[in-house]
Amino acid sequence: MSLYRPPKKIGAIRFGLLSPETIRKMSVTRIITPDTYSEDGLPIDSGLMDGRLGTIEPGQRCKTCGNRIGECPGHFGHIELARPVIHVGFAKVIYKILRATCRKCSRILLSDEELEDFKKRMDEYEKKWKGLSEEISDELLKKASRVSKCPHCGESQFKIKFEKPTTYYEETKEGLRRLTPIEIRDRLERITDEDARLLGINPKDARPEWMVLTVLPVPPVTVRPSITLESGVRSEDDLTHKLVDIIRINQRLRENIEAGAPQLIIEDLWELLQYHVITYFDNEVSGVPPARHRSGRALRTLSQRLKGKEGRFRSNLSGKRVDFSARTVISPDPNLSINEVGVPIDIAKILTIPERVTEWNIEELKELVIKGPDQYPGANYIIRLDGRRIDLRYVRDRKTIAESLEPGFIVERHLKDGDIVLFNRQPSLHRMSIMAHEVRVLPYRTFRLHLCVCPPYNADFDGDEMNLHVPQSEEARAEARVLMRVQEQVLSPRYGGPIVGAIQDYISSAFLFTSKNNLLTKEEVCQLLSVADYKGDLPEPAVKEPQPLWTGKQIFSLFLPKGLNISLRASVCRKCPGGCLKEKCPYDAYVAVRDGQLITGVIDERSIGAFQPDSILHRIIKDFGTDAAREFLDKIGKLLIEFISRKGFTMGLDDVEIPKVATIRIQEILKEAEEKVDKLIESYRRGELQRLPGRTLEETLEMQIMKVLAEARDKAGDIASEHLGLENHAVIMAETGARGSILNLAQMAACVGQQSVRGERINRGYRNRTLPHFKVGDLSAKARGFVASNYRTGLDPIEFFFHAMGGREGLVDTAVRTSTSGYMQRRLVNALQDLKVEYDGTVRDASSRIIQIIYGEDGVDPAKSDHGKAVNIDIIIEKVLSESEQT
Amino acid sequence: MDKKRKKIDIFCHELVPKHELLSKEEAEKLLKKLNIYPEQLPWIKKSDPAAVAIGAKPGDIVKIIRKSPTAGETVVYRYVIDK
Ligand SMILES: [Mg+2]
Ligand SMILES: [Zn+2]
Ligand SMILES: [Zn+2]
Ligand SMILES: [Zn+2]
């Protein structure tokens with residue numbers, strides 16, 4: 001047994017600059033000519049496409065390493081610049097260093113004692129907190145830049161002026177004097193290694209003067225391959241174009257220097273060379289016109305290749321793209337099973353599953369091969385025994401090829417009903433964001449899914465798109481089916497309860513269906529049950545005369561598993577003061593199921609909704625398994641949708657209309673409240689208001705006003721709800737938990753109430769007033785954002801404005817919240833991603849170090865728990881009691 | 001400054017869990033039970049106040065008994081490291 005050692009860690013990564021010598025050393029050739037290919041199409045020697053720089057053509061061998069395309073990594077070349085140029089990426093650093101060093105002797109403009117002091121601190125920092133010494137350099141740079149006379153040689157210093165992107169001036173008494181890159185390089189060269197270190201440059205990795213380029217590396221052709229268009233015209237990479245420019249100007253500059261051309265011309269060319277080198281590195285430098293292609297498109301140079309969403313990092317390195325996937329808009333289909341996903345036929349013809357030919361499926365697969373890639377169901381590829389892949393798109397006679405099929409071949413056939421696929425909606429925040437579904441190939445162009453799986457994906461149909469992935473191996477498909485299928489994911493590990501479940505109309509419908517007054521004729525019962533795929537006998541009708549009638553509860557019970565026992569309080573429960581009357585609840589809000597029979601209570605969100613722990617749905621899964629739960633949701637879902645479609649369930653303006661008397665009462669209440677507010681303000685002005693402990697007088701006033709207005713709003717809402725009964729569709733939705741709340745209703749029918757920004761009444765806008773319509777210092781309800789109108793009658797312009805202010809805050813809040821919580825989630829996931837519960841129950845990280853000895857310290861899987869607890873005594877007692885009752 | 005700071009028993013504090021030093025036999029039993037090398041346990045510095053208080057040396061294993069919101073009380077082990 002070898003001794004366990006914790007795995008090695010990366011201690012540090014060092015970044016440095018390439019020295020001119022290094023650049024020359026790693027170069028295989030000096031590039032001299034700006035041309036790429038000669039007339040006969042061969043790369044020109046010492047040109048940008050020199051054969052020694054690597055190979056991009058198939059079959060060709062690299063002149064440097066002898067490898068073919070793919071194996072040859074490519075090799076650097078170099079350009080000797082006629083005059084040095086500044087590297088844009090370091091322009092700012094150069095500026096900082098120039099300011100901090102002497103123009104004559106290049107020492108840092110601080111006395112030896114000061115430097116010694118900095119050095120000591122730096123040593124200390126480096127020992128204790130690696131990397132923090134940077135801050136000392138910043139301090140030193142700042143301090144030295146303020147010195148006007150060199151403490152070493154006594155030379156008086158000029159102020160350095162930096163002009164973006166790469167121009168530096170000295171502010172002499174005679175005026176601005178431009179520093180050439182040669183001068184700058186000279187100064188940087190003279191900086192001693194010790195000084196460089198204090199300036200924040202590790203002389204082991206980089207010398208300051210290397211920030212001024214004298215040699216330019218030429219990247220291998222493999223990173224800038226030329227492409228041949230269909231017309232046979234060769235098109236060069238943007239980088240190559242840029243390098244051509246550089247070489248051309250470099251050449252002209254050298255010729256002019258050698259010919260002794262006037263200084264002015266040389267300077268112009270030098271400037272031009274600087275421009276080309278800048279845009280070669282970064283074509284989006286502010287103040288520099290981007291270099292353009294002949295078509296007018298800006299060139300994509302080095303920096304653009306790396307930066308941004310489409311750059312190398314975010315797109316190619318952190319980005320992941322895969323084959324066998326599809327993405328399209330989603331839409332609902334209540335007739336599917338929760339386990340299914342509707343796949344458009346056009347997608348099914350592109351996504352394939354590799355199926356191995358055997359004696360038993362050969363005939364079937366032959367049929368598919370004959371159908372080919374365009375007819376559904378068909379096949380797109382055949383892989384023969386020797387591994388050769390045949391693309392059926394280009395096979396003229398598919399019959400012959402189908403006949404050549406033999407066991408061992410692989411046929412990549414179209415997706416068909418029953419195949420297992422993974423379905424995903426971003427942001428994938430939890431496990432249930434990717435679940436396995438069974439395929440149902442359907443017409444049209446959207447993915448279809450069952451409404452009960454919207455909650456785990458957090459999906460709606462206002463244009464949401466989702467992704468689909470097809471597992472390609474038998475193992476992957478088996479895992480997906482066993483572990484990831486929707487029915488296996490109904491219980492959330494976030495809290496012990498179902499996350500898949502009824503929403504919105506399902507809940508309204510369940511309430512209406514199981515209400516006491518819902519009686520169904522035999523015809524209605526039969527139609528509903530046939531929609532729900534019920535196969536079995538009808539129960540005895542609850543009412544026999546004059547015609548047989550069944551209650552909704554009876555029919556609902558047909559879908560509950562035999563032996564189910566549960567009692568709970570429905571969402572519509574009024575929390576009756578004086579204790580619940582249970583089975584005798586006047587609102588029928590006490591749900592009691594005995595042996596699979598719904599005895600009392602209406603079914604609503606609490607019983608079958610998503611996110612509801614200890615509900616009927618939860619008990620069905622826990623006591624009868626996931627198959628039972630799926631069947632329950634599928635069947636009851638279809639039945640409820642059919643029921644509510646037949647009945648009709650709408651909401652309109654009428655639903656929030658209240659009688660005239662009520663409106664008048666509400667107006668009175670609001671008026672009273674406003675008067676009360678005025679009185680409060682009056683007493684505040686007179687100085688009679690009593691200060692609350694720990695509050696200023698103004699705060700006290702604000703609090704009391706807010707209280708008065710909130711009470712008024714609540715009272716107005718109460719009056720409105722008195723007139724809106726359970727026959728009102730909006731009220732049904734609010735009470736059953738299907739959608740909306742009583743507060744929403746009150747705002748529509750009675751009064752919208754106080755608008756706020758940052759938890760206070762609105763007090764911003766103009767000086768001491770919110771809008772110019774009010775007097776300065778007006779503190780009344782109306783002037784500070786109280787909206788007395790309701791949404792039905794509409795808001796007046798002032799109210800509307802305040803409402804928009806409050807609404808804006810809400811939007812900003814959510815935007816900020818999602819970004820911060822997204823970042824938090826990322827950090828957490830990165831920290832925890834490779835933790836795993838091992839078979840011995842321990843939680844370990846990737847190097848099998850123990851994190852927890854038992855998962856969660858109690859070993860409980862929250863998804864299989866009751867609300868986080870391993871056992872729920874109440875439910876067990878209930879179960880035992882009702883079972884003993886029945887026997 | 002007062003050099004003779006009064007020694008306090010850190011384990012008196014509500015939030016400081018009980019630390020115990022494992023004997024050699026106990027430690028071996030534990031490692032065998034978990035089938036791990038000592039380095040695979042979570043670590044505790046020998047300079048940790050609790051480790052100092054019970055006199056733990058690098059290479060020892062410390063047993064910590066603390067309250068847990070899920071399990072009531074839970075036992076964890078830490079391997080004492082240098083520094
Ligand atoms: Mg949406
Ligand atoms: Zn090569
Ligand atoms: Zn000097
Ligand atoms: Zn009740």
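Any residue that is more than 38 Å from the chain's Cα centre (by Cα), in the same structural domain as residue A:488 (by TED's automatic domain parsing) and buried (at least 20 other Cβ atoms within 10 Å of the Cβ) - is there at least one of those in segment A:355-364? So far as segment A:355-364 goes, yes, one or more of its residues are more than 38 Å from the chain's Cα centre (by Cα), in the same structural domain as residue A:488 (by TED's automatic domain parsing) and buried (at least 20 other Cβ atoms within 10 Å of the Cβ).
A residue that is assigned by TED's automatic domain parsing to the domain that holds residue A:140, away from ligand 3 (no atom under 16 Å from the Cβ) and more than 22 Å from residue A:272 (Cβ to Cβ) occurs somewhere in segment A:96-103. Looking at this structure, is residue A:322 assigned to a strand (DSSP E or B) and touching a residue at least 60 places away in the same chain (Cβ under 8 Å)? Here the answer is no, as residue A:322 does not meet what is asked. Scanning segment A:39-54 for residues that are touching an Asp or Glu at 6+ places or on another chain (Cβ under 9 Å) and either within 16 Å of ligand 1 (Cβ to nearest atom) or part of a loop (DSSP other than H, G, I, E, B) (or both) returns A:44, A:47, A:48, A:49. Only one entry of A:197, A:234 meets the criterion of being among the basic types (Lys, Arg), more than 21 Å from residue A:125 (Cβ to Cβ) and in contact (Cβ under 8 Å) with a residue 24 or more places away in the chain, and that entry is A:234. Can you tell me which residue is nearest to ligand 1 (Cβ to nearest atom) among those in segment A:105-138 that are basic (Lys, Arg) and touching a helix residue (DSSP H, G or I) at 6+ places or on another chain (Cβ under 9 Å)? Once the filter is applied, the top-ranked residue is A:121.
Within segment A:187-196, being more than 16 Å from residue A:90 (Cα to Cα) and surrounded by fewer than 19 Cβ atoms within 10 Å (Cβ to Cβ) holds for A:190, A:192, A:193, A:194. Determine if segment A:116-134 includes at least one residue that is assigned by TED's automatic domain parsing to the domain that holds residue A:186 and within 16 Å of ligand 3 (Cβ to nearest atom). The answer is no, given that none of the residues of segment A:116-134 is assigned by TED's automatic domain parsing to the domain that holds residue A:186 and within 16 Å of ligand 3 (Cβ to nearest atom). Residues that are surrounded by fewer than 18 Cβ atoms within 10 Å (Cβ to Cβ) number at least 3 in the following strands (runs of 3 or more DSSP E) confined to segment A:65-177: A:159-163, A:167-172. Among the residues of segment A:554-572, the ones that are modelled with pLDDT under 90, touching a Lys or Arg at 6+ places or on another chain (Cβ under 8 Å) and not in a strand (DSSP E or B) come to 4 in all.
State whether the residues of segment A:853-863 include one that is away from chain B (no Cβ under 14 Å) and touching a residue at least 40 places away in the same chain (Cβ under 8 Å). Yes.
Taken as a whole, the structure leaves residue A:177 outside the set of residues that are touching a residue at least 60 places away in the same chain (Cβ under 8 Å), away from chain B (no Cβ under 14 Å), more than 14 Å from ligand 3 (Cβ to nearest atom) and of a type in the set (D, E, K, R). Taking the criterion of being assigned to a loop (DSSP other than H, G, I, E, B) and among the basic types (Lys, Arg), the only residue of segment A:836-887 that qualifies is A:849. When residue B:66 is tested against (1) modelled with pLDDT of 90 or more; (2) farther than 26 Å from residue A:860 by Cβ, exactly one condition is not met: (2).
On the stretch given as segment A:281-309, residues that are buried (at least 17 other Cβ atoms within 10 Å of the Cβ) and on the phi > 0 side of the Ramachandran plot total 0. Within segment A:568-595, the only residue that satisfies the criterion of being on the phi > 0 side of the Ramachandran plot and surrounded by 17 or more Cβ atoms within 10 Å (Cβ to Cβ) is A:588. On the basis of being of a type in the set (A, V, I, L, M, F, W, C), more than 16 Å from ligand 1 (Cβ to nearest atom) and either within 20 Å of residue A:739 (Cα to Cα) or over 44 Å from the mean Cα position of the chain (by Cα) (or both), does residue A:603 make the cut? Spelling it out, residue A:603 is indeed of a type in the set (A, V, I, L, M, F, W, C), more than 16 Å from ligand 1 (Cβ to nearest atom) and either within 20 Å of residue A:739 (Cα to Cα) or over 44 Å from the mean Cα position of the chain (by Cα) (or both). For segment A:814-821, state whether one or more residues are among the hydroxyl-bearing types (Ser, Thr, Tyr) and buried (at least 16 other Cβ atoms within 10 Å of the Cβ). No; the residues of segment A:814-821 include none that is among the hydroxyl-bearing types (Ser, Thr, Tyr) and buried (at least 16 other Cβ atoms within 10 Å of the Cβ). Just one of (1) crowded, with 16+ Cβ neighbours inside 10 Å; (2) under 24 Å from residue A:802 (Cβ atoms); (3) aliphatic (A, V, I, L, M); (4) in contact with a Leu (Cβ under 9 Å, 6 or more places away or on another chain) fails for residue A:734. It is (2). Which members of segment A:578-598 meet the condition of being part of a loop (DSSP other than H, G, I, E, B) and not hydrophobic (A, V, I, L, M, F, W, C)? Within segment A:578-598, A:578, A:579, A:586, A:587, A:588, A:595, A:596 qualify. Determine whether residue A:86 is within 12 Å of ligand 2 (Cβ to nearest atom), under 22 Å from residue A:245 (Cβ atoms), of a type in the set (Val, Ile, Thr) and away from chain B (no Cβ under 14 Å). Spelling it out, it is not the case that residue A:86 is within 12 Å of ligand 2 (Cβ to nearest atom), under 22 Å from residue A:245 (Cβ atoms), of a type in the set (Val, Ile, Thr) and away from chain B (no Cβ under 14 Å). Quick check on segment A:788-811. Is at least one of its residues at positive phi and over 35 Å from the mean Cα position of the chain (by Cα)? Yes; the residues of segment A:788-811 include at least one that is at positive phi and over 35 Å from the mean Cα position of the chain (by Cα). Just need a number here: residues in segment A:422-466 that are more than 15 Å from ligand 1 (Cβ to nearest atom), more than 21 Å from the chain's Cα centre (by Cα) and in a loop (DSSP other than H, G, I, E, B). Residues in segment A:422-466 being more than 15 Å from ligand 1 (Cβ to nearest atom), more than 21 Å from the chain's Cα centre (by Cα) and in a loop (DSSP other than H, G, I, E, B): 4 in total.
Residue B:25 meets all of the listed conditions (1) modelled with pLDDT of 90 or more; (2) within 14 Å of another protein chain (Cβ to nearest Cβ); (3) surrounded by fewer than 12 Cβ atoms within 10 Å (Cβ to Cβ) but one, namely (2). Specify the residue that is surrounded by the fewest Cβ atoms within 10 Å (Cβ to Cβ); the eligible residues are those in segment A:606-644 that are of a type in the set (Phe, Trp, Tyr) and part of a helix (DSSP H, G or I). Filtering first and then ranking leaves A:624. If I filter segment B:39-61 for residues that are within 8 Å of chain A (Cβ to nearest Cβ) and either surrounded by fewer than 17 Cβ atoms within 10 Å (Cβ to Cβ) or of a type in the set (Lys, Arg) (or both), do I get at least one hit? So far as segment B:39-61 goes, yes, one or more of its residues are within 8 Å of chain A (Cβ to nearest Cβ) and either surrounded by fewer than 17 Cβ atoms within 10 Å (Cβ to Cβ) or of a type in the set (Lys, Arg) (or both).
Let's see how each residue does on (1) away from chain B (no Cβ under 14 Å); (2) outside any helix (DSSP H, G or I); (3) touching a strand residue (DSSP E or B) at 6+ places or on another chain (Cβ under 9 Å); (4) within 16 Å of ligand 4 (Cβ to nearest atom):
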position	(1), (2), (3), (4)
A:475	yes, no, no, no
A:488	yes, no, yes, no
A:541	yes, yes, yes, no
A:545	yes, yes, no, no
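The values are calculated or read from the model by the stated rules, or taken from the named source; none is laboratory data. Everything numeric in this text was worked out from a predicted model, so none of it was measured. Cβ: placed from backbone, ideal geometry, glycine included. Neighbour counts: every protein chain shown.
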